[in-house]
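Comments concern the structure below.
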Amino acid sequence: MAFALDRPGALRPVSAQRGPSVRLAKPGLLRAPAIVARPRVQTNAAALTIPVNQLTDEERGQLARELGYKSIGRELPDDVTLTDIVKSMPPEVFELDHGKAWRAVLISITAMAASLYLISISPWYLLPFAWALAGTAFTGFFVVGHDCGHRSFHKNNLVEDIVGHIMFAPLIYPFEPWRIKHNHHHAHTNKLVEDTAWHPVTETEMAKWDPTTAAFFRVFLGTPLKLFASVGHWLIWHFDLNKYTPKQRTRVIISLAVVYGFMAVAFPALVYYTGWWGLVKYWLMPWLGYHFWMSTFTVVHHTAPHIPFKKAEEWNAAKAQLSGTVHCDFPEWVEFLTHDISWHVPHHVSSKIPWYNLRKATNSLRQNWGEYMTECTFNWRVVKNICTECHVYDEVVNYKPFDYKQEETLFAIQRKIIPDSATY
């Protein structure tokens, strides 16, 4: 349900409307904002017509409930720097513990082996559950390699490179290309165009689409298939040598050779011993499960109706990393198998924090900067907004849906059938 703010603290329902709107009771009264009517805040279409920093604490609390979040933070003051936030955390959260790092490797390998055994003994009707477990375990492989890429796994960089390549190989993820582009994502989080992980579609891009391209993007970015969109990102960004400088290419080629070498050995062996169905059963389906979590973590952590993507000249690092990254609580078994990667805000404040210190770092941020943080529990309402509403960049209201001009059947059906519950 959408609501309007007629005055501070007063909310009333408003009718559903596709696209942004800003309405004032009387024009020209903005000179006295304390006593005039407030602009409308529309949440049913995931569009905000006034910035969060203009809302009272009560209004932000109501907005959070409407959108499925536990809290929506205030805007971080302009004079706060990322260095200020990093220095506020205890030094021990940056310390490496090789025992805990190797324990993650053991957990992921054990969980994957157990999952593959479960797949081998499961009747057909239980295979989806086994695949879901295996895909989550597979994600743990990525998280270990992820820490290696951020130099937060081991004090020896060569060890990190070796472990990173080994853990990424079964995912068919070339380690060095990923490391380069992922570090770029951290340097430009929620910066329009520059963020390589994900950013909204722009009007300029849409104007170039032919009908087939438009239909493709609407289906894959405007439906729950968006939760598998990292497959496209993986293919587009990590295998094209032209996306890397001559200095980077030697290491990129080594990573590609590792991936192709794994495929050349593992895939034929799997087909030889288990058939083509075995390749699908034991690798492809868990791999798709891994991409579900890759996509879901990315969009949930960096996509919210109230969190803007900014142009380079307007971008602020501290706001993007602290206030522009969402903390989301997932089921405990998911967090265990994925090594707490969902405790994501401190990781964006400083990527040098190893996974096993993310909870302590999060608690520190809550104590010192909690009023500026957005938090939620993984739920249908958040997912529904991300899949059906947060599509096209809008400088004023952050996001608008693909069908902001006139509601389309594809989105109308989704809005009716996808649950709107604040639980999952």
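The values are calculated or read from the model by the stated rules, or taken from the named source; none is laboratory data. Here the structure is a predicted model, which means the values were calculated and not measured. Cβ placement follows ideal geometry from the backbone for every residue including glycine, while neighbour counts extend to all protein chains displayed.
Observations on the structure shown:
- Qualifying residue in region 181-192 (condition: over 16 Å from the mean Cα position of the chain (by Cα) and in the same structural domain as VAL300 (by TED's automatic domain parsing)): no
- Scan of region 296-318 for residues that are outside any loop (DSSP other than H, G, I, E, B), over 11 Å from ASP195 (Cβ atoms) and not aromatic (Phe, Trp, Tyr), ordered by number: THR296, VAL299, VAL300, HIS301, GLU313, GLU314, ALA317, ALA318
- Checked against the criterion of being in contact with a Gly (Cβ under 7 Å, 6 or more places away or on another chain), part of a helix (DSSP H, G or I), closer than 26 Å to GLY164 by Cα and free of Cβ contacts under 8 Å to residues at least 40 places away in the same chain, region 282-290 contains not a single residue that satisfies it.
- Lone qualifier among GLY68, GLY61 - being within 26 Å of LYS360 (Cα to Cα), at pLDDT 90 or above and out of contact with any helix residue (DSSP H, G or I) (no Cβ under 9 Å at 6 or more places or on another chain): GLY61
- Complete set of residues in region 373-387 that are surrounded by 19 or more Cβ atoms within 10 Å (Cβ to Cβ), over 14 Å from the mean Cα position of the chain (by Cα) and part of a helix (DSSP H, G or I): ARG381, LYS384
- Conditions (1) crowded, with 21+ Cβ neighbours inside 10 Å; (2) outside any helix (DSSP H, G or I): number failed by LYS155: (1)
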